[in-house]
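What follows is one structure encoded as structure tokens, with my remarks underneath.
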Amino acid sequence: MPKPLTYETEAAYLMALRREEPEAFETLYRQYFRMVAKQALLMGVTGTDIEDLFQELVLILVRKVRDTEFKLSAKLSTYVYAVARNLLLKKTGKKAEFPVEESTLLALEQSWTDDALDTRIEMEEQLNVVVGYLELLEDDCREVLRLSFYEKLPQTEIAQIMGYADSFVKVKKHRCLEYLRKQVKSHPLFKDLQNDAS
């Protein structure tokens, strides 16, 4: 388990990064490399590509902290996660059909503690599994779910966009969600859901 930050506050830590103190970079690696590596492996990035990706992440962070106007609107762990995910999506050429907004990350991080890295990693792995299954859905299913849950459009508007009858949108959404739930429950990372179903 990585040791906690050896700085009193994240502001002090960011200042140390701004001054490019070697200990600050060591702390960054110790705190976040494992999280980024697991995220990368789940998206098919391996070996030295992971190290290159982490170096790119460090450069982005250093560039940001050099800007005196830069302020974190979330915890550093949330920011690192978001930057890593964006870099991975860019590297793998995948599109985020259901983008993870900062507000979503902020809601997730409320349940995070500094010494619960394994729990955070498991949550991130589960999120990647769900996103993976979403991307495997038929186009019409994915679009109905996207319009319903990401765009938050009313049923009548979704019906117009998709060319469906109003009543069919509800049926289609239900079928697609049930199929998605079935796929997710079958994955080893969601064994608790399998137990609940039995």
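Readers should treat all values here as calculations from the given coordinates under stated rules, not as data from a laboratory. As the structure is a computational prediction, the values presented were derived from the model and not from experiment. Cβ coordinates were reconstructed from backbone atoms using ideal geometry, including for glycine residues, and neighbour counts include every protein chain displayed.
Structure notes:
- If you take the alpha carbon atoms of the stretch 137-198 and fit the smallest convex hull around them, that volume is 90 Å³ per residue.
- Residues in the stretch 38-74 that a label on Leu136 would reach, taking backbone N under 16 Å of a point 7 Å out along Cα→Cβ: 42-44
- Net lengthening on full extension, Tyr150/Glu51 (0.36 nm per residue, minus Cα-Cα): 32.4 nm
- At most 14 other Cβ within 10 Å, DSSP loop - chymotrypsin sites (Phe, Trp or Tyr not before Pro), the stretch 41-93: Phe70
- Given Lys152/Lys173; Lys38/Lys75; Lys38/Lys91; Lys71/Lys152; Lys152/Lys172, the pairs whose alpha carbons are separated by over 22 Å: Lys71/Lys152
- Other residues lying with their Cβ under 10 Å from the Cβ of Phe70 contribute a combined charge of +3, Lys and Arg counting +1, Asp and Glu -1.
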